[in-house]
1. What is the order of 5, 161, fewest Cβ neighbours within 10 Å to most?
2. Using only helices, what value at 222 nm comes out for the chain when you add -39,500 (n - 2.57) per DSSP H run of length 4 or more and divide by the total residues, to the nearest 500 deg cm²/dmol?
3. Where a Cα-Cα gap under 26 Å defines reach, which lysines qualify for residue 14, not counting those fewer than 8 residues away within the same chain?
4. So for the chain, averaging the separation of alpha carbon pairs under 8 Å that are six or more residues apart and normalising by length, what relative contact order in percent results?
5. Taking neighbour counts of Cβ atoms within 10 Å as a proxy for exposure, in what order, fewest first, do 92, 28 appear?
6. Do any GluC sites (Glu not before Pro) in the stretch 1-95 lie in a loop, going by DSSP, with at most 11 other beta-carbon atoms within 10 Å of their beta carbon, and if so which?
7. Hand me the trypsin sites (Lys or Arg not before Pro) from the stretch 81-179 located in a DSSP loop with no more than 10 other Cβ atoms within 10 Å, in residue order please.
8. How much FRET efficiency would the formula 1/(1 + (r/R0)^6) give for residue 123 and residue 2, where r is the Cβ-Cβ distance and R0 is 41 Å, rounded to 0.05?
Amino acid sequence: PTRPYVIDEMISAKTIAARVEALAKEIHDTFRDTDKLVVVGLLRGSFVFIADMVRELDLPVEVDFIEATSYGDSTESSREVRILKDLRGEIHGRDVLVVEDIVDTGYTLQHVVGLLRARAPKRLKTVALLDKPTRREVDIKADWTGFEIPDEFVVGYGIDYAQRNRNLPFIGAVRFLEP
Ligand code: PRP
Ligand code: MN
Ligand code: MG
């Protein structure tokens, strides 16, 4: 159901790996005294980023997931965030790091942060690999951002177009071949 397109590499796997390492150092500094950090990945897009991030974090970590979706197979946000799967564990009184692949309009991260804050974690921080600030529709920013990128539809490193291309090891921009 998608138009023909090609993918132009935007951020290489090497560049991503170096940035993830640097982010992990900053996150480690913030949570260095934690008894346990609950790292929450937003499925599906963050599955690659969270896998790389937790392996760089030298802290006692628990990994949990929430599944949220707003795009479906479209390149446009529906602005309605659906929770398809909730956390397995309790986060009341815990240190929590939410790991997101990309903040675009901001609806997804805002919704999830609101949901988790209501459960009264001890500390709640957010990290997003990518940020498209020019597309923002709600006032939210991740505590840590890997890269700010221009308004292009990107895929790879976990991010999909209509569920495709999540397995690319780099971040690429989708370029449609026909008008
Ligand atoms: C994508 C992406 C982010 C969100 C960002 O998820 O992974 O979670 O959209 O967009 P927003 O800031 O405009 O809300 P999607 O809904 O495509 O689900 P997926 O992670 O399963 O691909
Ligand atoms: Mn997502
Ligand atoms: Mg998606």
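We did not get these values from a lab; they are worked out from the coordinates using the rules stated. Keep in mind it's a predicted model, so treat the numbers as computed, not measured. Note that we place each Cβ from the backbone using ideal geometry, even for glycine, and neighbour counts take in every protein chain shown.
1. Ranking 5, 161 by Cβ neighbours within 10 Å, fewest first, gives 5, 161.
2. -7000 deg cm²/dmol
3. 25, 125, 132, 141
4. For the chain, the relative contact order is 27 percent.
5. Fewest to most other Cβ atoms nearby, the residues stand as 92, 28.
6. In loop regions of the stretch 1-95 (DSSP not H, G, I, E or B), the sparsely surrounded GluC sites (Glu not before Pro) are 76, 80, 90.
7. For trypsin sites (Lys or Arg not before Pro) across the stretch 81-179 that sit outside H, G, I, E and B with at most 10 neighbouring Cβ atoms in 10 Å, the list reads 88.
8. For R0 = 41 Å, the calculated efficiency reads 0.50.
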